[in-house]
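Before any comments, here is the structure.
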Amino acid sequence: MQRPALFIAVCFVTGILLGYRVAVSPILFALCTMAVIAAGYALYRTRGNDSLALRFCMALCLVFAGAFWYAVQMRVVPSNDIRRFCDQRQRHTLSATIVRTPEVRDRYTVVTVDADSISLGDRERMPEGSGSMAPAAGRMKPVTGRLQVRLNSGIEAGGYGDQVLVSGRLRSPQPARNPGGFDARTYYGSRGVYALMSVRDAAGYRVTLRNRSISWQTVVIDPLRESIDESIDRTMRGDSAALLKGILLGERRQLPEDLIDTFRTIGLAHILAVSGLHVGLITLVVYTLLFVLRLPRNLVVAGTLGVLVLYAFITNLTPSVIRATIMAALFLVGRQMDRQTDTVNILAVAAIVILLIWPSALFDLSFQLSFLATYAIITGYPRVKDLLPERFSRSERWWARWLRDGLLVSVAAQLGTLPVVAGTFYQVSWMSAVANLFIGPLVFLNTTFGVLTVLTGPLAIEIARLFSAVNALVLYGMIHLSRTFSSVPSALLQVPAPSGLFFLSFYAAGLLLLWNPDGPRWRRTRLGLVAFSVLVFCYGLLPERALEITVLDVGQGDAIFIACPNGRTLLVDGGPRSPAYDAGARVIIPFLRAKGHRRVDTIIVTHPHLDHYGGLSAVVESVDVGEIVSSGVTSESGSYHTWRETVERHGIPYRAVVKGDTLVALGDVRGVFLHPDPFFVSGASKAHANDVSVVLRLSYGEFSMLLTGDIEEKAEYAVVRMARAPAALRSTVLKSPHHGSITSSGTAFLNAVDPEAVAVSAGLNNAFRHPSPQVLERYRRRGAAVYRTDLGGAVIIRSDGQSWELEYFAPPEPLGPSPGQVLEGFLLTGKSELPIFRQYTISHYQ
């Protein structure tokens, strides 16, 4: 086998993906692994080690081993794990140890701790006293797991190794709950963090014991990081100092937001995050410096590896840095031993090492971009170079090599990561390859002079200032160039999230093009497979011709997006807005980008409550809006006046609707307004704002949905009484009125609507305790399936006019079993009814 490490890595990655997608007990994967090993041994004894079936057994064994390893590490949750105490209404007090140096931000401090013990009560504050934990000790029980605490500014965080007492409500990092949303569970999980907590005042956090012990972190890493910061701060200022820290250490907190956006626009934001590029540059600089000092070759290699290990710890062991460090170590050691090294095999070894330690790193964006870009450069660059005219591909002139190699390396890396970048950020920069030609060499100079500044700063500050003075000119040139490139029109293209077919066909076609087969038969086979991949790719680009309604999870509020088969779009409400949260910016805009919508034809404001119109200002500021309709009822609040001023500033038509009005230009979709009745809007009634909510019934063939805003019993009665026919209200799906409040969803109303399914928009653990258990019981008695945004994220309804389907975007999953439950659930023991095959059913959560 030419590249055994690559074979092992691919199989192991496939196994991790299997373990991620198939939620069964690790016992089953272990049994499958042992069965395949037994089959492989039998094949070896009968057919020898050259059998194709034996290699298949080896691959299958590695796949099941990867699935087993992922299931053990991620699916099995100890009984005293901190995850079992998350998302409860009561507060908990924890004793914990700080395991990373606290990160100080502008308005808060992030502290990462390992929990030692937890209170099982519901006390609202920690016990009073000096620093002793004795008052809480009687109620504390052992607990394990890593927690990230966010402290408001002004609260003393402590330092690495300190023991702290922290009190608050534990939250589990949530998966992406809407299309285009941020997957906090994967992000934090890849870093070993499984619980979050926010502390707003000093009463919820206290350092109980200072760390006096000697450790690698306190004696080596922290002093080195402080020395680097001090050397840069003493020799540079302003944006240049902030940019150099971003390049060397990945620190962004001092960088102006507009500068970060500039690098993001030209596709070079990775320069501001520590990556394999930085490790490669530091390897080159340090190796060259040690070589110039005429040290023995062994010491040069050892010194370079020592610096790389220190750098990996200083930058918090990010996957890309670990990957590059392992690759650099294997390359240098192989060169020292005069051994020929295969770069792809070295890359595969790095992946195996990381995934054996952190199997969840496979889903970390840094891991994906790092390995995809590196593999694309290693394999794609020489292949594309061979396609160039011989005069250019073999030219040794400096300008030709700079232009050729710079462009080809950048293009290869960009193509290798294109689907991942598009699927994560919903934007692609075509300017990246060109900008990298000019900014890439400057990054090398920045790194070189930065390393010299860091090395000479503690010894001779005046010499460090000379290096920084030169570096400041280089950094100024980099900033000026980046802003010039970012000013090019359409440098950053907005793209929708690619589908699974897009990913599959894109990478399949890429791998086939890299394959260089022997013989005309295999070349024809490759051509046919490439053509098939292109057809699949094109099919994946075709738009869906169905009615799609998405009840977005915006917290405690409403926001419903409707995409009609003819391309028309509607947005009913926009969710809440507060100083800390804007549903428009955090949920709706990312959703629109992920779906590729740059225009909303009609916005419907059901009623003037902030949890329904709050996020719409961000929408109006970000995309084109055709018109806005509402019930005509206004509000005297400052937030509402600001919203109306935003609409007027953009010149968007604003009109009121009443019962009987219709929506036009929706193709085969029919939209009829059933409320408000004019009597509710004006006259003697002067109803509560909830009861003048706009009620819209959408119908498409045999499918229909009733959107109800926040109407309550009074408005429900009016809607039923004024319906022209008994079937006028009947709908396939009902959007639960007023978030499932006890004041809505009356019996008469439900009898008239007679829904088959109900979508409830409510915030997770909301203060109003919506939806009401009594209302849920009414739905259950009618046999209606209930889908709640607080349980499964966005609720997505699709219909072709004949059939329909309804699903969660983030289906709820129960917490995994404990190790004891896994063993007891092994059916051969007969100790428990917990099966090896764990079933996740939606009905369990309704």
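The values are calculated or read from the model by the stated rules, or taken from the named source; none is laboratory data. Bear in mind that the values here come from a model prediction, so they are computed numbers and not experimental data. Backbone-built Cβ (ideal geometry, glycine too); neighbour counts: all protein chains shown. To get the accessible areas, we keep the full protein, side chains included, count just its heavy atoms, and leave off ligands, DNA and RNA. Shrake-Rupley method; radii C 1.70, N 1.55, O 1.52, S 1.80 Å.
Some values worked out for this structure:
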item: Residue that is under 35 Å from the mean Cα position of the chain (by Cα), open to solvent by 40 Å² or more (accessible area, probe 1.4 Å) and on the phi < 0 side of the Ramachandran plot, where the choices are 644, 655; result: 644
item: Exclusive hit being open to solvent by 20 Å² or more (accessible area, probe 1.4 Å), within 21 Å of residue 673 (Cα to Cα) and either in a loop (DSSP other than H, G, I, E, B) or without any contact (Cβ under 8 Å) to a residue 40 or more places away in the chain (or both), set 627, 548, 621, 636; result: 627
item: Count of residues meeting criterion [surrounded by 16 or more Cβ atoms within 10 Å (Cβ to Cβ) and out of contact with any Phe, Trp or Tyr (no Cβ under 8 Å at 6 or more places or on another chain)] in segment 279-300; result: 7
item: Residue 68 vs. criteria surrounded by 18 or more Cβ atoms within 10 Å (Cβ to Cβ), under 23 Å from residue 358 (Cβ atoms) and of a type in the set (Phe, Trp, Tyr); result: yes
item: Only one of 63, 36, 13 that is in contact (Cβ under 8 Å) with a residue 24 or more places away in the chain, β-branched (Val, Ile, Thr) and in contact with a Ser or Thr (Cβ under 6 Å, 6 or more places away or on another chain); result: 63
item: Residue match in segment 110-119 (condition: surrounded by 16 or more Cβ atoms within 10 Å (Cβ to Cβ), more than 17 Å from residue 149 (Cβ to Cβ) and touching a Leu at 6+ places or on another chain (Cβ under 6 Å)); result: no
item: Residue under evaluation residue 264, criteria (1) open to solvent by 40 Å² or more (accessible area, probe 1.4 Å); (2) farther than 24 Å from residue 485 by Cα, criterion not met; result: (2)
item: Counted residues, segment 42-65 - those being farther than 30 Å from residue 354 by Cβ and modelled with pLDDT of 85 or more; result: 1
item: Tally of residues being surrounded by 13 or more Cβ atoms within 10 Å (Cβ to Cβ) and either of a type in the set (A, V, I, L, M, F, W, C) or assigned to a loop (DSSP other than H, G, I, E, B) (or both) across segment 666-681; result: 11
item: Strands (runs of 3 or more DSSP E) wholly inside segment 751-825 containing at least 1 residues that are among the basic types (Lys, Arg) and surrounded by 14 or more Cβ atoms within 10 Å (Cβ to Cβ); result: 785-788, 795-799
item: Matching helices (runs of 4 or more DSSP H) fully within segment 248-365 where at least 2 residues are over 30 Å from residue 14 (Cβ atoms) and of a type in the set (Gly, Ala, Ser); result: 297-314
item: Selection status of residue 101, polar (S, T, N, Q) and modelled with pLDDT of 90 or more; result: no
item: Residues being free of Cβ contacts under 8 Å to residues at least 60 places away in the same chain and open to solvent by 40 Å² or more (accessible area, probe 1.4 Å) - total across segment 568-585; result: 5
item: Residue in segment 582-609 that is nearest to residue 636 (Cα to Cα), counting only those that are in contact with a strand residue (DSSP E or B) (Cβ under 9 Å, 6 or more places away or on another chain) and of a type in the set (D, E, K, R); result: 601
item: Unmet requirement for residue 518, which otherwise passes all of (1) farther than 30 Å from residue 441 by Cβ; (2) of a type in the set (D, E, K, R); (3) assigned to a helix (DSSP H, G or I); result: (3)
item: Selection count where residues are without any contact (Cβ under 8 Å) to a residue 60 or more places away in the chain and not hydrophobic (A, V, I, L, M, F, W, C), scope segment 262-299; result: 8
item: From 162, 222, residue being of a type outside the set (A, V, I, L, M), open to solvent by less than 60 Å² (accessible area, probe 1.4 Å) and modelled with pLDDT of 90 or more; result: 162
item: Some residue of segment 713-728 being surrounded by fewer than 22 Cβ atoms within 10 Å (Cβ to Cβ), aromatic (Phe, Trp, Tyr) and at pLDDT below 95; result: yes
item: Filter result for the condition that a residue is touching a residue at least 12 places away in the same chain (Cβ under 8 Å), open to solvent by less than 30 Å² (accessible area, probe 1.4 Å) and under 30 Å from residue 12 (Cα atoms), over 416, 406; result: 416
item: Count - residues of segment 1-52 that are open to solvent by less than 70 Å² (accessible area, probe 1.4 Å) and not in a helix (DSSP H, G or I); result: 6
item: Among the candidates 459, 452, 493, residue that is over 20 Å from residue 246 (Cα atoms), open to solvent by 30 Å² or more (accessible area, probe 1.4 Å) and outside any loop (DSSP other than H, G, I, E, B); result: 493
item: Test: residue in segment 384-394 that is at negative phi, touching a Phe, Trp or Tyr at 6+ places or on another chain (Cβ under 6 Å) and open to solvent by less than 30 Å² (accessible area, probe 1.4 Å); result: no
